[in-house]
Amino acid sequence: MTDTHIGNGFVPSGQLQLGVFFQGVNSGTVWKSAESGSQTDFESFRRIAQTAERGLFAAFFLGEGLRLREHLGRPHALDVAGRPDAQTMLAALASVTSSIGLVATQNTTYNDPADLAHRLASLDLLSGGRAAWNVVTTDNAWTGANFRRGGYLDHADRYVHAEAFVTTAKRIWDSWADGAIASSPAAAAWAAPGSARPVHHEGKHYTVDYVPRLPRSAQYRPVLFQAGDSPEGRDFAARQADVIFSAHPKLDDALGFRRDIVQRTVNAGRGANDVKIMPASEFILAATPEEALEKKNWVRSLQIGPEQAVAYLEQFWGRELQEFDPDGPLPEIDPVVEETSETRGSGFHGAKAKQLADQWRAEAKDKGLSIRQFVSARTSRGDSSFTGSYTEVADRLAEYARTGAVDGFNISPWLIPTGLDDIVNHLVPELQERGVYPTGYAGSTLRENLGLATPVRQPDSVGVEV
Amino acid sequence: MNTTSTNAPRQGFLALELDGDGAHPAAWRKARHTPAELLDGTRVRATVLAAESAGFHVATFADGSLPAASSDAGGRDIPGRLNALQRAAFAGPVTGSIVLVPEVDTVYTEPFHISTQLASLDYVSGGRAGWLVAASDKVADAAAVGRSHVSGEGLGREAADSVEVSRRLWDSWEDDAVIRDVATGRYIDVDQLHYVDFESTVDFESAAGAGYSVKGPSIIPRPLQGQLPVLVPAGLLNADQLSAGAADALLVSAPTPELLAGEAAEARAAAPGAAIIAELDVVLDSRGQSAAGRLAELDAYTPWQSSRARFVGSAAELTGLLASVLETADGVRLHPAVLDVDLEELAQLVLPALRRRGLLATPQPGSTFRDLLGLQRPASRYAAATISASSAADH
Ligand SMILES: Cc1cc2nc3c(=O)[nH]c(=O)nc-3n(C[C@H](O)[C@H](O)[C@H](O)COP(=O)(O)O)c2cc1C
């Protein structure tokens, strides 16, 4: 029996929320099925967002990657690639949705705080208080090659930098006094004089001297999500974020992660329930458990075909492995060891090629796995996957609600644009019957819908070093 | 453009600038809503739909900083503004024919972000997107991002560089790069993706700002139009930059309405390939109040200083002026003093009269901005290179 006691004053809400993560890249989204549609047409985004809203989802998420993934020195050919700018797409979706939250993943290294904060505030006002920022900290020089700054940030600095960035953004969002704008055209001035506070920040990496251009929104300021799992990342989230987009969906693991986050949140002087957790997840559902399993095998075969399996290993081996049989054992030849992470993308960053290869060969041999089976197991996010009948999965999810392991799930549909249909049509009603899922939107803003408290205004005098 | 028959009148297009409550700084005092209702999606939707149903071909969205409420000069008027590109994107799915053109600064923004955002705008509007190039000369904009201030010739260089990066990135995925070839397991054909390897022309040591490079390829497939039309204020780019093809259209200003036609003709001579769009501020007689009276009333609050030609008068007079300007310019961009008031007159009197005289292109649902400008959809520059390289190899 799982020890579900979280401690530190944490109280499970007994409720779950859902979000949808529209994935633009990688192998999670099946493109080889006849049913799979365009990854870039606006209609795909509209279809998913409106279906999610029909299912009372709290949020629609977009990820971000500012350089195309590469493989052996060229763009990676086998997986879905290419996606629109998150905030531009979300602004468009704001006009054809009315309640769902709109979450943009944006990194703190290749943006300017004044510019990013202004655009997020715009999205927040345009959507009537439904915007959120998923803060990520990409720091590789490889992404930097597309930007003026280049790859200027040391790995160790990224959360220090992120924290100063977020603090500056919060001060920008808090800069207009409430009620600053005149209530009538007959007023002496459009905004009360002195009601917009300039924001100054001087630090190691950048200087901001800015007069903010926008008032607070219906939800005061954009909701903050954080994605990043290191101890520094967790502490950063505990201090700054409203929600963590986590990588821990398995029940035991999720409970452990919750305990850790509650501890860090309390240590940061916040309430035990102040930071919500929504892990990344995938659902493969059907009317019966047998059908669901069959569907899972089909989905997996489309996600990781023979070419993807070999190419996956090639990324880490740093060389072509075409001569190896995808249904045979892992290659006995050794990886090219030179540090080539600059061209291999963030998936490889920091890994030790030879050590990794030895470890994987041993593991595959132990379990009797072929290249394809091994790669499929590693990449299918087996941990984050819920497979089963609607009722079975609803029962499992109810356990998460009861224990407070998570506050909800952020679902990556494996099919675009119809991949949410069975979840909304069948899983959501099952969850509602169990009393663990909303039966209506709680309010008009994302903050209200997530049950988050109204933020406290940042004091003007905060001086953060970066 | 649109010269099908020698007897038919030349057909042009009309653009409308939709920022705030109108172009006059005191416009908010005459708006038909409360000040607090300005900065939200409802207002954006209402104005762009009003412009579309009036028959405007293009909506433009101003951007950049406004005088702060806390400072004395101009502190009585609107100090806030939503991001222009997002307003255009928000309008995309709710409109069907009007072209959406945000102003985007080129000096203090990241070219890579601009290129992706504009390409995305093209997707969410079904190919109805354009780019109005701005080059901020404000010290405050430099301070906001902690960069040194760019002025003079540096502005043109930054703008030209930024346009060139975007154009290369838009071409960096050839049109058919997404192949979805189940047989070989390939989603994209890597031979149809290209590094742009851009190096800025700004001297790395110069006071105009640090140089930079952009690797590419883009992170989004080629925009629906292939290349978004790029609108540039006349005078920003020099002759070399213009002949390198930076601008698809030039925005032309003159001190008075009467001088506009002459300026337009001059700009056409300087940039023969580009469409010419004349800029005009507009105050119209409305509901029994004379335009001059309306303007005096607004100016008593805050004087309207503008570098554009200004028309103040009746709808019939404006119709005549526009007819004559459209003989030399391809389009006119109107900046109404008060949107809620002047747009009503434009929609009810001016545009119908111009249409009756056959002077306006008919907006076609489903057509692109390039269609409106009479521009072909270009092949990717890299596709052309691949073809010529391979045919050279064949011989
Ligand atoms: C669930 C999840 C989703 C993420 N999504 C993105 C993304 O869309 N774009 C991105 O650049 N990084 C993304 N990241 C990466 C993180 O921002 C971060 O760079 C990475 O996890 C390394 O930080 P860490 O050492 O704190 O884990 C994601 C991370 C997690 C856990």
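Taking 19 Å as the straight-line reach from the Cα of A:Lys365, the lysines in range (excluding those fewer than 8 positions away in the same chain) are A:Lys354. A Förster distance of 45 Å, applied to the separation of the beta-carbon atoms of B:Arg355 and A:Ala186, puts the FRET efficiency at 0.75. The C-alpha atoms of chain A define a longest principal axis, and helix A:289-303 lies at about 90 degrees to it. Over chain B, the alpha carbon radius of gyration divided by the compact-protein estimate 2.2 N^0.38 Å works out to 1.02.
Bridging of A:Lys295 to lysines at a Cα separation below 18 Å is possible for A:Lys32, once same-chain residues fewer than 8 apart are set aside.
Note: relative contact order over chain B, using C-alpha pairs below 8 Å and six or more positions apart, is 21 percent.
Only beta bridges with both residues in chain B are counted; by DSSP, about 15 percent of them are antiparallel.
Sorted by accessible area (1.4 Å probe), largest first, how do B:Arg167, B:Arg310 line up? Spell out each step's value before the answer.
Values: B:Arg167 20, B:Arg310 65 Å².
Greatest to least solvent exposure: B:Arg310, B:Arg167.
With R₀ fixed at 51 Å, the C-beta to C-beta distance from B:Glu153 to B:Ala46 puts the FRET efficiency at about 0.80. Evaluated with a Cβ-only charge set (Lys, Arg +1; Asp, Glu -1), the protein assembly as shown carries a dipole of roughly 1480 debye about its Cα centre, given to the nearest 20. Taking every protein chain into account, the 1.4 Å probe leaves A:Trp133 with about 0 Å² of accessible area, to the nearest ten. Peptide A:108-121 shows a mean partner chain C-beta count of 4 within 10 Å per residue C-beta. For B:Gly358, the shell of other residues with beta-carbons less than 15 Å away shows a net charge of +3, using +1 for Lys and Arg and -1 for Asp and Glu. For A:Leu251 and A:Lys354, what is the calculated FRET efficiency with R₀ set at 41 Å and r taken between the beta-carbons, to the nearest 0.05? The pair A:Leu251/A:Lys354 has a calculated efficiency of 0.70.
Is it possible to state the helix-based mean residue ellipticity at 222 nm for chain A, with each DSSP H run of 4+ residues giving -39500 (n - 2.57), the sum divided by total residues, to the nearest 500 deg cm²/dmol? What is it?
Values: 15 runs with 162 residues, N = 466.
-10500 deg cm²/dmol, from helical runs alone.
With the largest listed first and rounded to whole Å, the semi-axes of the equivalent ellipsoid of region A:13-88 from the Cα gyration tensor are 26, 15, 12.
In whole percent, what relative contact order does region B:145-198 give with Cα contacts below 8 Å and a gap of six or more residues? Contact order relative to length: 29 percent. Rg then Dmax, both in Å and based on the Cα atoms of region A:1-49: 18.5, 50. Placing pseudo-labels 7 Å out from each Cα toward the beta carbon at B:Glu199 and A:Tyr152 gives an inter-label distance of 2.1 nm. Rolling a 1.4 Å probe over the protein heavy atoms leaves B:Asp40 with an accessible area of roughly 40 Å².
Nearest 5 is fine: what % of DSSP beta bridges in region A:129-255 come out antiparallel, could you say?
55 percent
If one takes the longest principal axis of the Cα atoms in chain A, at what angle in degrees, from 0 to 90 and to the nearest 10, does the Cα axis of helix A:113-126 lie? Tilt of helix A:113-126: around 80 degrees.
Rolling a 1.4 Å probe over the protein chains gives A:Lys367 an accessible area of about 130 Å². Dipole check for region B:311-387: with +1 at the C-beta of Lys and Arg, -1 at the C-beta of Asp and Glu, and the Cα centre as origin, the magnitude is about 500 Debye. Taking the inverse of the mean reciprocal distance over all distinct Cα pairs, the Kirkwood hydrodynamic radius of chain A comes to 23.5 Å. Surface composition of region A:55-140: carbon and sulfur atoms hold 48% of the protein heavy-atom accessible area at a 1.4 Å probe. Within the shell of other residues whose beta carbon sits under 12 angstrom from the beta carbon of A:Glu53, the net charge comes to +4, with Lys and Arg scored +1 and Asp and Glu -1.
If you roll a 1.4 Å probe over the heavy atoms of the protein chains, what accessible area per residue do you get for chain A, in Å²?
Per residue, chain A has 36 Å² of solvent-accessible surface.
Any chance you could give the angle, 0 to 90 degrees and rounded to 10, that helix A:306-317 forms with the longest Cα principal axis of chain A? Between the helix axis and the principal axis of chain A, the angle is about 70 degrees.
Look at the stretch A:127-137: the mean tally of other chain Cβ atoms within 10 Å of its residues' Cβ atoms is 1. Could you give log10 I(q)/I(0) at q = 0.11, 0.13 Å⁻¹ for region A:382-452, computed by the Debye formula over C-alpha point scatterers of equal weight, without solvent? Relative scattering, expressed as log10 I(q)/I(0), comes to -0.30, -0.42.
Across the protein assembly as shown the C-alpha pair distances fall into 20 Å bins from zero in the proportions 14, 47, 32, 7, 0 percent.
Find the relative contact order for region A:19-170 and round it to a whole percent, using C-alpha pairs within less than 8 Å whose residues are 6+ positions apart.
22 percent
Just so you know, the Cα atoms of region A:133-194 work out to an Rg and Dmax of 19.0, 55 Å. Determine the sum of side-chain charges near B:Asp21: Lys and Arg each +1, Asp and Glu each -1, restricted to other residues whose C-beta is under 15 angstrom from that of B:Asp21. Summing Lys/Arg as +1 and Asp/Glu as -1 gives -2. Candidate cross-link partners of A:Lys250 among the lysines, defined by an alpha-carbon separation under 17 Å and a same-chain spacing of 8 or more, comprise A:Lys276. Per residue, chain B exposes 37 Å² of accessible surface when a 1.4 Å probe is rolled over the protein heavy atoms with every protein chain present.
Looking at chain A, the DSSP beta bridges with both ends there are about 20 percent antiparallel. Solvent-accessible area lost on pairing A with B (1.4 Å probe, both sides summed) amounts to about 6200 Å².
When +1 charges are put on Lys and Arg Cβ atoms and -1 charges on Asp and Glu Cβ atoms, the dipole computed for chain A relative to its Cα centre reaches about 1060 debye. Inter-chain Cβ neighbour count for A:288-294, averaged per residue, equals 0 (cutoff 10 Å, partner chain atoms only).
The values are calculated or read from the model by the stated rules, or taken from the named source; none is laboratory data. From a predicted model like this one, the values you see are computed outputs, not experimental measurements. So basically every Cβ, Gly included, is an ideal-geometry build from the backbone, and we count neighbours across all protein chains shown. Surface areas here come from the heavy atoms of the whole protein model, side chains and all, with no ligands, DNA or RNA. Shrake-Rupley method; radii C 1.70, N 1.55, O 1.52, S 1.80 Å.
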